[in-house]
Structures are given as structure tokens and as C-alpha cells.
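A.B. asks: Pasting a structure here, questions to come.
Nothing in this text is a laboratory measurement; each read-out follows from the coordinates by a stated rule. The structure displayed is predicted, hence computed values, not measured ones. Here the Cβ positions follow ideal geometry from the backbone for every residue, glycine too, while neighbour counts run over all protein chains shown.
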Amino acid sequence: QVQLGESGGGLVQAGGSLRLSCAASGRTFSSYAMGWFRQAAGKEREFVAAIDWTHNANYADSVKGRFTIDRDNGKNMVYLQMNSLKPDDTAVYYCAAGPRGRATRFIRDYDFWGQGTQVTVSS
């Protein structure tokens, strides 16, 4: 069992930056794939970025070059650095853990989810 807690969301102007953090509990964290997903109002949850235990990362095309995912296995933390933010990035951002270790873009591969943190980008 893994428990996840996100932080770092907030209100930012377009072009600005935010860094989201996700704290994870559990002794097997280092072997899990970790992902970030987001859900805008009235839309389905979508993939943002994921990273496996070797630090191989996978990004949605919409955030490639602007967002960076990273993890610190010693601290059981995952981060999402978001630069050049756009109003379309406004959503609730969720951290997720995948015990099978594959940093995929598929919701079905992630068994554990945080409560989410709101990111709002104003124009």
C-alpha cells in the first residue's frame, strides 16, 4: 500500500512556473513508476508525465519541453517542475504510483492516487 500527498499548486500568471511535489509512503516506493495526471473541469483525467525507477521519463506532447518530472527515492518524493505555464494547463494535478514499474501514460497502470492539487493559470 502506498499513500500519496501532493502540494505546490496555486494561482500563477501565464508564462510563470510552479513546482509540484508528491510525498509517498511505503518501503517499496523506489521500485514503483510514478506519474502525474491532470483533470480540468468538465474533462477526463489525462496523462502529464511519468518516471520509472531508473529515472526514464515519459511526457505528454502538450507539456514536452515545458514540464520536467523527477524523483528522489531517498526521500520518497516526486516532483513536477512546470515552466511556461499556459491557461490550458489549469487543472487539478494528481500524483499516482504504479507498482508494476512501467512509466506509462495509461491510468490503468497506476493503482494508488493522491487527492490532487489545484493549478490555475491566469491569462
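A.B. asks: Among the residues of segment 39-59, which ones are in contact (Cβ under 8 Å) with a residue 12 or more places away in the chain, closer than 15 Å to Thr104 by Cβ and part of a strand (DSSP E or B)?
C.D. replies: Glu46, Phe47, Val48, Ala49, Ala50, Ile51, Ala57, Asn58
Every residue, every condition in (1) in a loop (DSSP other than H, G, I, E, B); (2) over 17 Å from Gly5 (Cα atoms); (3) of a type in the set (Ser, Thr, Tyr), yes or no:
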position: Ala23; (1), (2), (3): no, no, no
position: Phe37; (1), (2), (3): no, no, no
position: Asp61; (1), (2), (3): yes, yes, no
position: Gly74; (1), (2), (3): yes, no, no
position: Arg102; (1), (2), (3): yes, yes, no
position: Val119; (1), (2), (3): no, no, no
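A.B. asks: To continue, here is another question. So, in segment 76-100, exactly how many residues are of a type in the set (Asp, Glu) and either part of a loop (DSSP other than H, G, I, E, B) or surrounded by 20 or more Cβ atoms within 10 Å (Cβ to Cβ) (or both)?
C.D. replies: Within segment 76-100, residues that are of a type in the set (Asp, Glu) and either part of a loop (DSSP other than H, G, I, E, B) or surrounded by 20 or more Cβ atoms within 10 Å (Cβ to Cβ) (or both) number 1.
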